[in-house]
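Read the figures in this text as sums done on the coordinates, not as results from a lab. Values in this document were obtained by computation on a predicted structure and should not be read as measured data. So basically every Cβ, Gly included, is an ideal-geometry build from the backbone, and we count neighbours across all protein chains shown.
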Amino acid sequence: MTNVVEFKRVTKSFKNFSLKDVSFSIKKGYVTGFIGANGAGKSTTIKLLMNLLRKESGEITIFGLDQDKHNQAIKERIGFVYDENCFYETLSIRELRKIIAPMYQNWNDDIFYKYIDQFQLPEKQVIKSFSKGMKMKMAISFAISHDPEFIIMDEPTSGLDPVFRREILELLHDIMLDEQKTIFFSTHITTDLDRIADYITYIHGGRILFSKERDELLSEYGIVKGSTDLLDSDIEKEFVSIRKTNVGFEALTSDVKKSKEIFGHEVLIEKPTLDDIMYYTNKGELTCTH
Amino acid sequence: MKIIISNTSKEPIYEQIIKQIKELVLKGELQEGDSLPSIRQLAKDLQISVITTKRAYEELEKDGFIVSVVGKGSFIASQNKELLKERRLKIIEEKLIEIIEESKIIDLSKDELIEMVLILYGDDVI
């Protein structure tokens, strides 16, 4: 399986925050969801990927090409959707098309107008008058009309209502009918990932905690629920973290099989959600460092 | 082809797909040579990830239910009728064992059980 992107030991520091030794890859032909809490480093990673920030050390290759040496050629093959509107608000779609289309060699008006029609976007109205959902649909239309192989989206579904989110996911599924396409998108609406993501990359505190197949992840991890008398300090070490209350405990395990061996039928073991994994991992980190 | 996925079921989604396609084959609703939707089309239709449908197809191929031809897609494989029958016989056997065990619990005799089967089967008792 080929990788579209490889990050190798990439570092970037700011005053109060740094990305430490970030290594991960994005598989060609699949959807990778990029999750992490606010401030965990999602946007910084995406900016590094887009070459909008300078890395301090490490290596980033895209389509097997060095990012710095082949910047222009790489950008031609990428479609980028940003979480905020980065278009001139006083222009209309028609006017923006005149500016954006010539920037790409492979710009295809057929694709562009197909999406403008499909999304029922008014061509002559100024963008300022658009709703958030319309702006996002417009941004996506602009991003994919040069038929890019690799689509990067920073929080494409945030702030959108469920109907819009479904429509966008439907569109992404359409794109993925072509096995040459790859999508990388960051989100904290993890339920969106249930419908589409093949891989999950989780960033926490500037470090990648894991990057693996979603199905595999959800079958390895589990939520264990039971009575607190079952716990002692050794057993507690088996968990990523534990939430104890007066009525029992709830914990995340990264090894469901082992938990089943330890507790048998004395506990209830459930399939975790991505939210559970994020919450307990975050909690575990906090108790380790303080 | 009809496939219904439950998101609340404990059974993983890829297993649900495998089970339902196998059932369609055993029932004869899918027959040798019938083409299946592509991995990516099925993922889109069911609104699930590509890797999930890919895994289901890979397992079905391993079990000999389907064949995949590069560039052409996936098709129902020619089924060994004897083997299929044998598998179904095994399922019946397992269910019968269950029935016999249930019968023993309430002290139902062998003859009584056989009589019950004959009546339910719809033939006259000889």
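Taking each of A:Lys98/A:Lys124; A:Lys28/B:Lys19; B:Lys22/B:Lys54; A:Lys135/B:Lys44; A:Lys47/A:Lys124 in turn, the alpha-carbon distance tops 20 angstrom for A:Lys28/B:Lys19; A:Lys135/B:Lys44; A:Lys47/A:Lys124. Each of A:Val126 and A:Phe210 was given a label point 7 Å from its Cα along the Cα-to-Cβ line. The distance between the two points is 5.0 nm. Each label point was placed 7 Å from the Cα along the Cα-to-Cβ direction; for B:Glu102 and B:Met1 their separation is 3.4 nm.
Using Cα pairs closer than 8 Å and at least 6 residues apart in sequence, work out the relative contact order for the range A:3-217, in percent. Walk me through the intermediate numbers first.
Working: 384 pairs, mean separation 67.4, N = 215.
Relative contact order of the range A:3-217: 31 percent.
Shape annotation for the range A:161-200: C-alpha extents along the principal axes are 29, 21, 13 Å, from largest to smallest.
A P(r) calculated from all alpha carbon pairs of the protein assembly as shown, with 10 Å bins opening at zero, reads 4, 17, 23, 23, 17, 9, 4, 2, 1, 0 percent.
Size of the range A:1-67: Rg and Dmax of its alpha carbons, in Å, are 11.9, 38. Excluding same-chain neighbours fewer than eight residues apart, the aspartates and glutamates reachable from A:Lys244 by a Cα-Cα span under 19 Å are A:Asp229, A:Asp232, A:Asp234, A:Glu236, A:Glu266, A:Glu270, A:Asp275, A:Asp276, A:Glu285. Between the beta carbons of B:Leu26 and A:Gln118, assuming R0 = 41 Å, the FRET efficiency works out to 0.50 to the nearest 0.05. Pairwise Cα distances in the range A:50-164 exceed 17 Å in 59 percent of cases. Across chain A, the longest run free of exposed loop sites, meaning trypsin sites (Lys or Arg not before Pro) lying outside DSSP classes H, G, I, E and B with no more than 11 other Cβ atoms within 10 Å, spans A:125-236. Entry for chain B at q = 0.12, 0.18 Å⁻¹: log10 I(q)/I(0) = -0.62, -0.96, Debye formula applied to identical alpha-carbon scatterers, no solvent contribution.
Under the convention that each Lys and Arg Cβ holds +1 and each Asp and Glu Cβ holds -1, the size of the dipole of the range B:7-126 around its Cα centre is about 980 debye.
With viscosity set to 1.002 mPa s and temperature to 20 °C, compute the Stokes-Einstein D of the range A:3-217, Rh being the Kirkwood radius across alpha carbon pairs; µm²/s, no decimals. Walk me through the numbers before you get to the answer.
Values: Rh = 17.8 Å.
So the translational diffusion coefficient is about 121 µm²/s.
Cross-linked pairs A:Lys8/A:Lys258; A:Lys27/A:Lys181; A:Lys225/A:Lys257; A:Lys42/A:Lys258: Cα-Cα separations exceed 21 Å for A:Lys8/A:Lys258; A:Lys42/A:Lys258.
R0 = 30 Å: FRET efficiency of A:Asn51 with A:Arg166, Cβ-based, nearest 0.05? Plugging the Cβ-Cβ distance into 1/(1 + (r/R0)^6) gives 0.40. So, in Å, what gap is there between the alpha-carbon centers of the range B:29-68 and the range A:119-192? That distance is 27 Å. Convex hull volume per residue, computed on the Cα atoms of the range A:176-241, equals 136 Å³.
How about the range B:60-101: which trypsin sites (Lys or Arg not before Pro) there are in a DSSP loop, with at most 10 other Cβ atoms within 10 Å of their Cβ? When the trypsin sites (Lys or Arg not before Pro) of the range B:60-101 are filtered for loop state and at most 10 Cβ neighbours within 10 Å, B:Lys72 remain.
For the range A:96-220, what is the convex hull (Cα atoms) projected area averaged across all directions, in square nanometres?
On the way: hull surface 37.2 nm².
With the hull built on Cα positions only, its mean projection is 9.3 nm².
Of the residues A:Phe263, A:Thr281, A:Leu230, the one whose Cα sits farthest toward the positive end of the charge dipole of the range A:221-287, with +1 on the Cβ of Lys and Arg and -1 on the Cβ of Asp and Glu, is A:Thr281. Computed log10 I(q)/I(0) for the range A:148-290 at 0.10, 0.11, 0.13, 0.16 Å⁻¹: -0.43, -0.51, -0.68, -0.91, from the Debye equation with unit scatterers placed on every C-alpha and solvent omitted. For the pair A:Lys225 and B:Glu93, label points projected 7 Å from Cα toward Cβ lie 4.1 nm apart. Mind giving me the FRET efficiency for A:Glu270 and A:Lys98? R0 is 56 Å, r the Cβ-Cβ distance, nearest 0.05 is fine. After rounding to 0.05, the efficiency reads 0.55. Around B:Ile92, what is the net charge, scoring Lys/Arg as +1 and Asp/Glu as -1 over all other residues with Cβ under 12 Å from its Cβ? Every neighbour counted, the sum reads +1. Across the range A:221-287, counting alpha-carbon atoms alone, Rg and Dmax equal 10.8, 30 Å.
Estimated from helices alone, the mean residue ellipticity of the protein assembly as shown at 222 nm is -12500 deg cm²/dmol (sum of -39500 (n - 2.57) over DSSP H runs with n ≥ 4, per residue).
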